[in-house]
1. Highest first, please rank the peptides 52-61, 31-40 by the mean number of other Cβ atoms sitting within 10 Å of their residues.
2. In Å², what does the accessible area per residue of the chain work out to with a 1.4 Å probe?
3. Please turn the phi angles of the stretch 21-33 into ³J(HN,Hα) values with the Karplus equation 6.51 cos²θ - 1.76 cosθ + 1.60 (θ = phi - 60°), one per residue in order, whole Hz, x for glycine and proline.
4. Using alpha-carbon pairs under 8 Å, 6+ residues apart, how would you state the relative contact order of the chain in percent?
5. Who wins for biggest fluctuation among Ile50, Ile11, Ile67 in a Gaussian network model of the chain, springs between alpha carbons below 10 Å?
6. At a probe radius of 1.4 Å, what is the per-residue accessible area of His46, in Å² to the nearest 10?
7. Is there a quick way to get the dipole size of the chain? I mean about its Cα centre, with the Cβ of Lys and Arg at +1 and of Asp and Glu at -1; what is the value in debye to the nearest 20?
8. Quantify, in whole percent, the carbon and sulfur part of the accessible surface of the chain (1.4 Å probe; protein heavy atoms only).
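The values are calculated or read from the model by the stated rules, or taken from the named source; none is laboratory data. Predicted model only: the values in this text are computed from it and were never measured. Every residue, glycine among them, receives a Cβ derived from its backbone with ideal geometry; neighbour counts consider all protein chains shown. All accessible areas refer to the heavy atoms of the entire protein, side chains included, with ligands and DNA or RNA removed. Shrake-Rupley method; radii C 1.70, N 1.55, O 1.52, S 1.80 Å.
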Amino acid sequence: MLLEGKLNPKIESTQKGFLKVFAAWLLEEDLPFTMGEAPGLKRLFHYLDIKYQLPSDTTVRNQLAHIFASLHSTVVEELSVSI
């Protein structure tokens, strides 16, 4: 790790960031959108004393829609600049 965290900056975690990473994980692993509602996962989060609330299937779908829109606009912007 470089001095002052230039190469490895500290991540400030938030509920919003957690939801984004959680939704991406579900998509990458081809897991059901209802995974955040699973009783076993809720028990694990409670046991680990994790402060973030697990998302519902609707929240996961909305997060994936935001991720898609962001990636789409980035691709469109890059393509319009390169033309």
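1. 52-61, 31-40
2. I get 84 Å² per residue for the chain.
3. My calculation for the stretch 21-33 gives 5, 4, 5, 5, 4, 4, 5, 4, 8, 6, 9, x, 5 Hz in order.
4. Values: 42 pairs, mean separation 25.1, N = 83.
Reported relative contact order: 30 percent.
5. Ile11
6. Around 150 Å² of this residue is reachable by solvent.
7. So the magnitude is around 320 debye.
8. 61 percent
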